[in-house]
Amino acid sequence: MSIWKKEEYNTNTLNKNIEVNTLIIGGGLTGLLTAYFLNDTSSCVVEARTIGTGVTKNTTAKITYLQSDIYNKIKKLTNKENAKLYLNSQIESVKDLKNLIEKEGINCDLKETPSYIFTSKKSKINKLKEEIYFLKKNGIKVSKSPLPIKYKNYSSYKVNDTYTFNPLKFITSLYEVLNTKNIKVYENTKVLNVKKENDIYICTTDNFTLKAKNIVYTNNYPSFVFPLLMPLRTSIEKSHIIVSLASKYKNFSCINIEKPTYSCRFYKENNKIYQISLGSSHNIAFKQNDNKCFDKVIREFKLNRCNIVDKYSNTDIITSDYMPLIGKIKNNMYISTGYNTWGMTNSILGAKIITDLIKNKQSEYSKLFNPKRINKSNIIKFPYYIFTGLYSYITSKIIKNKSWYKKNIKVHRTLGTDISVYIDEQGIEHKVKNKCPHLGCGLIFNEAEKCWDCPCHSSRFDIDGNCIKGPSNNNIKIK
């Protein structure tokens, strides 16, 4: 479950063959924002499930350019000019999102919220000061200020011109805006295959075909675009979020600069106050006991277990140089992904850059975020990506029954096939194949969220084998 609940609306599912100018694959923030800025009735969005129920619904929804120590990371891996340009893009995106919400009269609990960065390690104080120095040198008003929550920290700084909001209220309202413009959004419409014929992309779903001049991938992990683009240039980070009742509302958001990431914000709705605490971030290859990760968040923030109302995990694409992958992959094919956990600002940034590219306009950021860019970070991290990929695959095949599995979870081999069994609270057995259809990795049971997760590329399946998160397109049901 997630704290963000989607409002009801009349949904559309593709029910015939269609031909469009631009097909946008992915009904999250980037997909709908791209359709909004294109403003073309000969474009459409398709979403495999329902809009906003992927990464969008699991975000902490902070609209900020104060992003841990990302600017010094970019500066060290590339150069200070790139770091400054990335900073400019984030400041601009904060303003763009705020202006869009006000222009369209979207009620999404937008609130100006001070952002803090801090360190809970004495050894990282100089690293924090480096980030603050960079920000101040580039005209950002940053002040030293104590963290408004009881959490171990040695130093903290804040900025004021940042925001928080409810992402699903926003995306539902944006859907209605697109509806009034007669721009179609099709839910429960999964694209299974894409091929090109005579400069037209032919996209097939379970029952119908879409033809498009332009195709835009805005899904979290676009798996069939440029060969090996994602596995060899990105890693996947998993974070765990705890939502708990709080007695007092505190208007701030915060994030530390070291790993693992810990961050926090508050949200008020229906006379209830919630603390949204995120932590235990890690590469999905190395930590797979989700209950243990959730417990660590509870301990770090000293949360009362009786006050916990929701807990869920999220996965983010981390690029080698900490900048998103936005732009053209090949003729009339575009992607926007790799947001390095900062999806609120980079969603609107990606939508605007791709819109400019499709309309043959210049964007000052298109070169910086070119998905095929080459820099030293690609070379430095290449062995790491190879190792983590192999490690995930091999360990998923060798150690099938994890040490933390309870008696109601079991993986066994039958007639040459690995079968996973989960016995629910009513004693009902749920049997599925223990093999991710994407690239064949073994699956791990996530007891906290009652699902099977892929430790290689983060596909997810429910206990009955339905695919509920990509990059996999297929189910793991036993026929």
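Applying the criterion of being of a type in the set (K, R) and in contact with a strand residue (DSSP E or B) (Cβ under 9 Å, 6 or more places away or on another chain) to the residues of the stretch 57-107, the residue that is nearest to K238 (Cα to Cα) is K57. Looking at (1) in contact with a strand residue (DSSP E or B) (Cβ under 6 Å, 6 or more places away or on another chain); (2) in contact (Cβ under 8 Å) with a residue 24 or more places away in the chain, find the lone condition where P437 falls short. P437 satisfies all of (1) in contact with a strand residue (DSSP E or B) (Cβ under 6 Å, 6 or more places away or on another chain); (2) in contact (Cβ under 8 Å) with a residue 24 or more places away in the chain except (1). Just one of the numbered conditions (1) modelled with pLDDT of 95 or more; (2) closer than 18 Å to T164 by Cα is not true of N72: (2). Among the residues in the stretch 435-450, are any assigned to a strand (DSSP E or B) and of a type outside the set (V, I, T)? Yes; the residues of the stretch 435-450 include at least one that is assigned to a strand (DSSP E or B) and of a type outside the set (V, I, T).
This table checks each residue for (1) in a helix (DSSP H, G or I); (2) touching a residue at least 12 places away in the same chain (Cβ under 8 Å); (3) more than 19 Å from D161 (Cβ to Cβ); (4) polar (S, T, N, Q).
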residue: I101; (1), (2), (3), (4): yes, yes, no, no
residue: D109; (1), (2), (3), (4): no, yes, no, no
residue: F118; (1), (2), (3), (4): no, yes, no, no
residue: S123; (1), (2), (3), (4): yes, no, yes, yes
residue: K127; (1), (2), (3), (4): yes, yes, yes, no
residue: I132; (1), (2), (3), (4): yes, yes, no, no
residue: L135; (1), (2), (3), (4): yes, yes, no, no
residue: K141; (1), (2), (3), (4): no, yes, no, no
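Exactly one residue out of V185, V216, V194 is closer than 20 Å to N474 by Cα, aliphatic (A, V, I, L, M) and either modelled with pLDDT of 90 or more or crowded, with 16+ Cβ neighbours inside 10 Å (or both): that is V194. Among the residues making up the stretch 341-371, those that are within 18 Å of T56 (Cα to Cα) and among the aliphatic types (A, V, I, L, M) are M344, I348, L349, A351. If you go through the stretch 242-257 and keep only what is in contact with a helix residue (DSSP H, G or I) (Cβ under 9 Å, 6 or more places away or on another chain), more than 14 Å from V297 (Cα to Cα) and open to solvent by less than 10 Å² (accessible area, probe 1.4 Å), you end up with just I257. Before we move on, is T50 surrounded by 22 or more Cβ atoms within 10 Å (Cβ to Cβ) and not acidic (D, E)? Judged against the criteria, T50 is not a match.
Looking at the stretch 125-145 only, could you name the residues that are of a type in the set (K, R) and within 27 Å of the chain's Cα centre (by Cα)? Answer for the stretch 125-145, where residues must be of a type in the set (K, R) and within 27 Å of the chain's Cα centre (by Cα): just K127.
The values are calculated or read from the model by the stated rules, or taken from the named source; none is laboratory data. Being a predicted model, the structure only gives us computed values, none of them experimental. Neighbour counts are summed over all protein chains in view; Cβ atoms, including those assigned to glycine, are modelled from backbone coordinates with ideal geometry. Calculation scope for accessible area: heavy atoms of the full protein, side chains included, ligands and nucleic acids excluded. Shrake-Rupley method; radii C 1.70, N 1.55, O 1.52, S 1.80 Å.
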